[in-house]
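Working notes, beginning with the structure itself.
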Amino acid sequence: MENHDGHHTEPTWKDYAAFAGVILVIIAATLLWSHWQSLHGLEVMRIFMAMFFLVFSFFKLADIRGFATSYMGYDIIAKKINWYGYAYPFIELALGLAFLFNLNGADWVTLVITIIGAVGVGKELLRKSNIKCACLGTYINLPLSTVSLTEDLLMGAMALIMILK
């Protein structure tokens, strides 16, 4: 696998542990926020989506150039429109804030971008490409995998649930 500088690197157990740690922090933050605000059901899911998008956007924004370069390797829009790779972390940041403040429209935008993301990831998985996942920017070295696809599909499913509520 090549990193954004073109150097060949393989993921280590520390990369997988770091990814799991980030997910656990998002879950813990969601539970704490939900308890503090006495939230239940779909409200907890909305806060999880907020935390997810906020945390993931921060990792991407920390090295936006590296993220955009990696993202162009598999996103169907970023491959054709370079600036989209640079805009995507800001879209995630805006979605995180929109979910946090319960603003209308975030569900629909999430559904659309996660379907687009799932298509790009799915195409690369079918090609058996050895591409680095840019989901947490350039700081965690993980391959594009079914975890990446599951992430898109899960967020899309949660957005659909919120739309249908």
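Checking Ala28, Ala87, Ala50, Ala17 one by one, the residue that is within 21 Å of Ile113 (Cα to Cα), free of Cβ contacts under 8 Å to residues at least 12 places away in the same chain and of a type outside the set (D, E, K, R) is Ala87 and no other. Any chance region 50-62 includes a residue that's in a helix (DSSP H, G or I) and over 13 Å from the mean Cα position of the chain (by Cα)? Checked against the condition, which is being in a helix (DSSP H, G or I) and over 13 Å from the mean Cα position of the chain (by Cα), region 50-62 yields at least one hit.
For the criterion of being of a type outside the set (D, E, K, R) and closer than 16 Å to Met51 by Cα, Phe90 passes.
Listed by first and then second residue, the pairs with beta-carbon distance under 6 Å, at least 6 apart or on different chains, first residue in region 98-125 and surrounded by fewer than 17 Cβ atoms within 10 Å (Cβ to Cβ), second small (Gly, Ala, Ser), are Ile115/Gly156. Asn130 - would you say it is at positive phi, open to solvent by 60 Å² or more (accessible area, probe 1.4 Å) and out of contact with any Phe, Trp or Tyr (no Cβ under 6 Å at 6 or more places or on another chain)? No; evaluated as a whole, the condition is false for this residue.
Annotation: of all residues in region 144-165 being touching a residue at least 40 places away in the same chain (Cβ under 8 Å) and closer than 11 Å to Thr114 by Cβ, the one that is surrounded by the fewest Cβ atoms within 10 Å (Cβ to Cβ) is Leu160.
The values are calculated or read from the model by the stated rules, or taken from the named source; none is laboratory data. Since we're looking at a predicted model, the values are computed, not measured. All Cβ positions, glycine included, derive from the backbone under ideal geometry; neighbour counts span all protein chains shown. Remember, those area values only see protein heavy atoms, side chains included, never the ligands or the DNA or RNA. Shrake-Rupley method; radii C 1.70, N 1.55, O 1.52, S 1.80 Å.
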